[in-house]
Amino acid sequence: MIEVVGAAASASDREWLAERLAAAVALTAAPVAELRVRVVDDADMIRLHERSLGLATTTDVLTWSSGREIDVAICADEAVRRAGEFGHPVRDELLLYAVHGLLHGLGHDDATPEAFERMHAEESRILAALGARARVEPEGEGP
C-alpha cells in the first residue's frame, strides 16, 4: 500500500507522487508492505525533526521504518526553495525527497562518502526510470 497525505501538497500532487512511488517501490524489488508519505510545511517539519532528532530546524525528509513498513515526512516548503534554486519543478523535488526517504527506509545510508555515492546512484537510477531528473548536489553537500 502506498499512501501520500498532507495539506502541504495539492490532491493532484499527492496522487502524482503516489503513482510514481508505487513504480519506485517496484524498481527496488524490496518487500515493502506499506509506504506512507506525509507532505508537511516547515512548521510541521521543525516539530517532527525536534521530536525525532532533537533538532529544532526544518529539513527536507525524515524517515521511520519498522520491518516492511516505512513512514516518510517530506517538506513542501523546502522543496519550493530547492526547486527554485535548481530550476526544476517542485514535484520533482518532492519526488526526490520521497525516493530518498524510501531508500533510507530500506536501509540505505548516506553518512559516509562511499555510502553517499551508493545511495545517490540508486536514487538517480530510480528517478531516471521514473522520468525525473536527479539533482546534482553542489560541491561540499555530501558527508
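The values are calculated or read from the model by the stated rules, or taken from the named source; none is laboratory data. Since the structure is predicted, the reported quantities are computational estimates derived from the model, not experimental observations. As a convention, Cβ positions derive from the backbone with ideal geometry for all residues, glycine included, and neighbour counts pool all protein chains shown.
Structure values in brief
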quantity: D110 being more than 16 Å from V4 (Cα to Cα) and either surrounded by 14 or more Cβ atoms within 10 Å (Cβ to Cβ) or in contact with a strand residue (DSSP E or B) (Cβ under 6 Å, 6 or more places away or on another chain) (or both); calculated: yes
quantity: Odd one out for L55 among (1) within 13 Å of L94 (Cα to Cα); (2) touching a helix residue (DSSP H, G or I) at 6+ places or on another chain (Cβ under 8 Å); (3) at pLDDT below 95; calculated: (1)
quantity: Hits in the stretch 125-143 - residues which are modelled with pLDDT of 90 or more and either among the basic types (K, R) or more than 12 Å from L27 (Cβ to Cβ) (or both); calculated: R125
quantity: Whichever residue in the stretch 102-115 is more than 15 Å from the chain's Cα centre (by Cα) and either among the hydroxyl-bearing types (S, T, Y) or assigned to a helix (DSSP H, G or I) (or both) and, among such residues, is nearest to R36 (Cα to Cα); calculated: A115
